[in-house]
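> I'd like to ask some things about the structure below.
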Ligand code: UDP
Ligand code: MG
């Protein structure tokens, strides 16, 4: 089909949403006369998500289902969906309808005008706790600074031309930060604002701890800033000790005895903890390098389904 839109939907324990999401998307896209396919990736759900995807496939031949052998995380699911998508343009959105399907029409129109990356930007952050909002603001502030990409209110809701998708798929790294990668690749880019909706059913998969891990993993995946931080911290410690030495010498030669082992202990503690922190940061990078050089696949697909039929054998 010419100008076909593939919508990639990562799904983890979304059994309550699949049916509705597919129905709404069909209504919206058919209503707008956009040829489409829906690529639903079941990210190792422990509920009835896969059964719901099969059901949706029976109802609508435009539904393609990909099943992971276990939970590999949203980023991997998005990647797998993009790899299976065959459209000329590919959209990625959450399958809990928090990303408004109507925005797809607007994005599609921009793609027709010649834009190759259309970023969804959150108008507001929806209903989130104060702490969550502030820490997200802090994280994206850092990320914007170091990547040079404006990431404030960035989201995983976007539409990309086939050429962009192929370029992202060709990137070899395992730890990918999708939200920033789509800007990193370049191309003619524009953005569309959207209002984050309330989740209708099911629950958010993000705990505070998983968000902290997400933030740290992505900073490491995208920049070497923490390593520079280690160098700067080392430099500051060195300068500090130099000053301390000069001070002690002056004291000594002016006849004052340098006293107190408290200072010695404090300095030792300070330097000790700075070294441990630095080693931790360096260790984290080494761990990531280790993961990358193992060349393990990003994900493992156990089944592929189109139109309710199992096509695992014929598909890639
Ligand atoms: N998701 C996924 N794998 C995971 C966690 C989440 O595929 O390990 C999917 C989830 O099904 C949803 C999207 O990622 O379609 C966003 O997740 P969620 O709605 O929980 O995040 P929030 O909207 O609360 O940020
Ligand atoms: Mg959500």
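> For the range 1-33, which positions are crowded, with 19+ Cβ neighbours inside 10 Å and not in a strand (DSSP E or B)?
Residues of the range 1-33 that are crowded, with 19+ Cβ neighbours inside 10 Å, as a first pass: 5-12, 14-15, 17-18, 21-22, 25, 29.
12, 14, 15, 17, 18, 21, 22, 25, 29 - these are the residues of the range 1-33 that are crowded, with 19+ Cβ neighbours inside 10 Å and not in a strand (DSSP E or B).
> So, residue 76, is that one closer than 17 Å to residue 206 by Cβ, within 13 Å of ligand 1 (Cβ to nearest atom) and modelled with pLDDT under 90 or not? So that I can check it myself, show each step before the final result.
Values: closer than 17 Å to residue 206 by Cβ: yes; within 13 Å of ligand 1 (Cβ to nearest atom): yes; modelled with pLDDT under 90: no.
So residue 76 does not fit the description; no.
> Then there's this: Residue 138 - would you say it is within 21 Å of residue 211 (Cβ to Cβ), at pLDDT 70 or above and surrounded by fewer than 17 Cβ atoms within 10 Å (Cβ to Cβ)?
Numbers: within 21 Å of residue 211 (Cβ to Cβ): yes; at pLDDT 70 or above: yes; surrounded by fewer than 17 Cβ atoms within 10 Å (Cβ to Cβ): yes.
For residue 138, the condition - within 21 Å of residue 211 (Cβ to Cβ), at pLDDT 70 or above and surrounded by fewer than 17 Cβ atoms within 10 Å (Cβ to Cβ) - is met.
> Could you check the range 37-122 for helices (runs of 4 or more DSSP H) lying wholly inside it with 1 or more residues that are touching a residue at least 12 places away in the same chain (Cβ under 8 Å), more than 16 Å from ligand 2 (Cβ to nearest atom) and under 22 Å from the mean Cα position of the chain (by Cα)?
On the way: elements: 49-59, 74-84, 102-112.
Because the criterion is at least 1 residues that are touching a residue at least 12 places away in the same chain (Cβ under 8 Å), more than 16 Å from ligand 2 (Cβ to nearest atom) and under 22 Å from the mean Cα position of the chain (by Cα), the helices (runs of 4 or more DSSP H) in the range 37-122 that meet it are 74-84, 102-112.
> Between a residue in the range 254-278 that is at negative phi and any residue that is at pLDDT below 80 and in a loop (DSSP other than H, G, I, E, B), which pairs come within a Cβ distance under 8 Å, given they are 6 or more apart or on different chains?
Cβ pairs passing all conditions: none.
> Let me ask you something else. Looking at (1) modelled with pLDDT of 75 or more; (2) closer than 22 Å to residue 124 by Cβ, can you tell me which one residue 188 breaks?
(2)
> Is it the case that residue 249 is surrounded by fewer than 12 Cβ atoms within 10 Å (Cβ to Cβ), more than 16 Å from ligand 2 (Cβ to nearest atom) and either modelled with pLDDT of 80 or more or at positive phi (or both)? Before you say what the answer is, go through the steps one by one.
On the way: surrounded by fewer than 12 Cβ atoms within 10 Å (Cβ to Cβ): yes; more than 16 Å from ligand 2 (Cβ to nearest atom): yes; either modelled with pLDDT of 80 or more or at positive phi (or both): yes.
When the stated conditions are applied, residue 249 passes them.
> OK, next. Given the conditions (1) closer than 25 Å to residue 177 by Cβ; (2) more than 16 Å from the chain's Cα centre (by Cα); (3) in a helix (DSSP H, G or I), and given that residue 143 satisfies all but one, which numbered condition is not satisfied?
So residue 143 meets the others, but not (2).
> Looking at the range 252-264, which of its residues are in a helix (DSSP H, G or I) and at pLDDT 80 or above? Talk me through it step by step, then tell me what you get.
At the first step, the residues of the range 252-264 found to be in a helix (DSSP H, G or I) are 252-253, 261-264.
Of everything in the range 252-264, those that are in a helix (DSSP H, G or I) and at pLDDT 80 or above turn out to be 252, 253.
> While we're looking at this one, here's another question. Which one of 199, 179, 174 is surrounded by 12 or more Cβ atoms within 10 Å (Cβ to Cβ), assigned to a loop (DSSP other than H, G, I, E, B) and within 16 Å of ligand 2 (Cβ to nearest atom)?
Values: 179 fails: assigned to a loop (DSSP other than H, G, I, E, B); 174 fails: within 16 Å of ligand 2 (Cβ to nearest atom).
None of the other options fit; the residue is 199.
> Another question, if that's okay. If you check 192, 185, which single one turns out to be in contact with a helix residue (DSSP H, G or I) (Cβ under 6 Å, 6 or more places away or on another chain), away from ligand 2 (no atom under 16 Å from the Cβ) and under 29 Å from residue 13 (Cβ atoms)?
Working: 185 fails: under 29 Å from residue 13 (Cβ atoms).
Checking each option against the conditions leaves just 192.
> (1) touching a strand residue (DSSP E or B) at 6+ places or on another chain (Cβ under 8 Å); (2) at pLDDT 90 or above; (3) surrounded by fewer than 23 Cβ atoms within 10 Å (Cβ to Cβ): which one isn't true of residue 60, the others all being true?
(2)
> If you don't mind, there's one more thing I want to ask. Can you pull out the residues in the range 7-20 that are more than 15 Å from residue 203 (Cα to Cα) and either touching a strand residue (DSSP E or B) at 6+ places or on another chain (Cβ under 8 Å) or in contact (Cβ under 8 Å) with a residue 60 or more places away in the chain (or both)? Write out each step before concluding.
Let us first name the residues in the range 7-20 that are more than 15 Å from residue 203 (Cα to Cα), namely 7-9, 19-20.
Scanning the range 7-20 gives 7, 8, 9, 20.
Here is a yes/no grid of residues against (1) farther than 15 Å from residue 118 by Cβ; (2) within 15 Å of the chain's Cα centre (by Cα); (3) within 12 Å of ligand 1 (Cβ to nearest atom); (4) without any contact (Cβ under 8 Å) to a residue 60 or more places away in the chain:
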| site | (1), (2), (3), (4) |
| --- | --- |
| 161 | no, no, no, no |
| 166 | yes, no, no, yes |
| 200 | yes, no, yes, no |
| 210 | yes, yes, yes, yes |
| 226 | yes, no, no, yes |
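> Residue 31 - would you say it is without any contact (Cβ under 8 Å) to a residue 12 or more places away in the chain and either away from ligand 1 (no atom under 12 Å from the Cβ) or on the phi > 0 side of the Ramachandran plot (or both)? Spell out the reasoning first.
On the way: without any contact (Cβ under 8 Å) to a residue 12 or more places away in the chain: yes; either away from ligand 1 (no atom under 12 Å from the Cβ) or on the phi > 0 side of the Ramachandran plot (or both): yes.
In short, yes.
> Considering only the range 183-198, how many residues are away from ligand 1 (no atom under 16 Å from the Cβ), in contact (Cβ under 8 Å) with a residue 40 or more places away in the chain and on the phi < 0 side of the Ramachandran plot?
Selection size over the range 183-198: 8.
The values are calculated or read from the model by the stated rules, or taken from the named source; none is laboratory data. Just so we're clear, the structure is a prediction, and the values are computed from it rather than from any experiment. Using ideal geometry, Cβ is built from the backbone for each residue, glycine included, and neighbour counts are taken over all protein chains shown.
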